[in-house]
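The values are calculated or read from the model by the stated rules, or taken from the named source; none is laboratory data. What you see is a predicted model; the values in this text were computed from it and never measured. Here the Cβ positions follow ideal geometry from the backbone for every residue, glycine too, while neighbour counts run over all protein chains shown.
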Amino acid sequence: MERRIDHYLERLVSSDSMTFYKALCEFAEEKIEPNYLDWERNHQLIPEDVISEMGQMGLFGVTVSEKYGGQGGNQLDLILMGLALGYHSQSLAITPGAAMSLGAKPLQLFGTEAQKEAHLPDLASGKRMFVFGLSEPGRGSDATNPQVTAKKDGDDWKIKGEKCWSTNAKWSSHVVVHALTSPESKPGYRTTCFIVPMDDSNVSYQEMAGKDLWSQSSTGSITFDDVRVSNDAILGKENEGFKVMAQTLNGGRLFIAGMSLASLAFALDKCRSYSQEREQFGVPIGTFQRVQDVIIDMDITLEQGLTWLIDLTNRYNDNTLDRESAAKVKIECSRKASDHLTMAMEICGGVSSLDEFGLIRHHRDLFVCRVGEGSNFALKGFAARPLMPDITLQ
Ligand SMILES: Cc1cc2nc3c(=O)[nH]c(=O)nc-3n(C[C@H](O)[C@H](O)[C@H](O)COP(=O)(O)OP(=O)(O)OC[C@H]3O[C@@H](n4cnc5c(N)ncnc54)[C@H](O)[C@@H]3O)c2cc1C
């Protein structure tokens, strides 16, 4: 049975883009799918040989310019990668996805030539990754006011505090740390971003224990104990660190919307095939109108979501995408996909609770799409601001 998502993508993207997407679908089908359940049952992160194979395929450099050894693609290619890999598992998609959209992206947007030359070739080949160090134990949605500080010490800076929820920490050589540098300045101008090596003796990292979603993706907590860095480590401008983080998140939110749709696309195909095979009361369950309702609602959301997301992605590539639109598509795709996954599991019945059936993995993973890269609730307040410009929203 043809994947329903392919039917829509064929009319939304060029045939070259479709060829790229299909090659990734084949890779995931042949190399990942047969092994994934074992990794899941063994609570294993994506194996390093798979990461290095993805690196050789150029998947960590899709959006990195050819000048730095990347593939020279754009955001649409990144989204297509997320759709192809995310159909199997969000953990798989987010590994190269976060490496590019959160790791390499700030460097591409704000790095000096020397910083780009020093890091982008290795990042593009997947030899090493960068962590996006925004969230902290005490600062999630309130990210403009980090508790991690960077204080001047002679010509250098000393960084102190802790970052957490850091995707890809295990494989990363550096973390982009968003730190408070000017507490008295106005919001948005209090922080600076620093590129900090993970192997500094005053940096310690540990994998966050007990996380029960995105289970094959590395998520670390990173502590900085008076880590000394020079001005050369600053990414972007001093006291304009929030701009670095916020601009990076625009593209990241499109990627999260895409992963949400990938999970929805998987669930739709699963329900379509199961409801034609599974018989109750002597007929396939797909003949029941309630089951049809769930399937057609999923299909409508998938078509709407893809059409919207591809349009915004093209606008992102043209530099005309506003931040509110990136937030809104992330909110809507993640919440709708989550709601549909609940119903998808219900119409398939008890089998949905089995890991090998696949729905439960996507259902769990969609939680991260709702809270990650700006929780949906917090983002709604942000996206509502331009609608009511005459009042201050809480
Ligand atoms: C698996 C995983 C991977 C992640 N990867 C990264 C990463 O690589 N780098 C990184 O920096 N971060 C990462 N994050 C962190 C993620 O971005 C945060 O979880 C997210 O920003 C929300 O912060 P919080 O969890 O601290 O929730 P909080 O900010 O504590 O929010 C708790 C609740 O309060 C609500 N709330 C908060 N503020 C508002 C508001 N203004 N209006 C309405 N409601 C509000 C929220 O919606 C939420 O329901 C990751 C998280 C997860 C789970």
When segment 211-245 is checked residue by residue, the ones that are at positive phi and over 20 Å from the mean Cα position of the chain (by Cα) are 226, 236, 239
Determine if segment 101-117 includes at least one residue that is touching a helix residue (DSSP H, G or I) at 6+ places or on another chain (Cβ under 7 Å) and more than 24 Å from residue 330 (Cβ to Cβ). yes
Flag for residue 248 being outside any helix (DSSP H, G or I), touching a residue at least 40 places away in the same chain (Cβ under 8 Å) and within 16 Å of the ligand (Cβ to nearest atom): no
Failed condition for residue 221, given (1) out of contact with any Pro (no Cβ under 9 Å at 6 or more places or on another chain); (2) in a strand (DSSP E or B); (3) of a type in the set (Gly, Ala, Ser), with all others met? (1)
Residue match in segment 210-224 (condition: farther than 23 Å from residue 144 by Cα and free of Cβ contacts under 8 Å to residues at least 40 places away in the same chain): yes
Among all residue pairs at least 6 apart or on different chains, which show Cβ distances below 9 Å where the first residue, located in segment 342-355, is closer than 20 Å to residue 41 by Cα and the second is among the acidic types (Asp, Glu)? 352/346; 355/40
Checking residue 233 against (1) out of contact with any Gly (no Cβ under 9 Å at 6 or more places or on another chain); (2) over 18 Å from residue 140 (Cα atoms); (3) of a type outside the set (D, E, K, R); (4) surrounded by fewer than 14 Cβ atoms within 10 Å (Cβ to Cβ), which single condition isn't satisfied? (4)
State yes or no: is residue 358 loosely packed, with under 13 Cβ neighbours inside 10 Å, farther than 30 Å from residue 136 by Cβ and modelled with pLDDT of 95 or more? no
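So, of the residues in segment 151-169 that are within 16 Å of the ligand (Cβ to nearest atom) and hydrophobic (A, V, I, L, M, F, W, C), which turns out to be nearest to residue 184 (Cα to Cα)?
Of everything passing the filter in segment 151-169, 159 is nearest to residue 184 (Cα to Cα).
Could you tell me whether any residue of segment 192-203 is among the charged types (D, E, K, R), crowded, with 18+ Cβ neighbours inside 10 Å and out of contact with any Cys (no Cβ under 7 Å at 6 or more places or on another chain)?
Checking segment 192-203: not a single residue is among the charged types (D, E, K, R), crowded, with 18+ Cβ neighbours inside 10 Å and out of contact with any Cys (no Cβ under 7 Å at 6 or more places or on another chain).
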Mind listing whichever residues of segment 117-149 are within 16 Å of the ligand (Cβ to nearest atom), small (Gly, Ala, Ser) and surrounded by 15 or more Cβ atoms within 10 Å (Cβ to Cβ)? 133, 135, 140, 143
A careful count of residues in segment 356-394 that are near the ligand (Cβ under 9 Å from one of its atoms), part of a helix (DSSP H, G or I) and small (Gly, Ala, Ser) gives 2
When residue 329 is run through (1) within 16 Å of the ligand (Cβ to nearest atom); (2) assigned by TED's automatic domain parsing to the domain that holds residue 251, the failure sits at (1)
Name the pairs whose Cβ atoms lie under 6 Å apart, with the first residue in segment 173-188 and under 16 Å from residue 246 (Cβ atoms), the second small (Gly, Ala, Ser) and not in a strand (DSSP E or B), and 6 or more positions between them or separate chains? 178/241
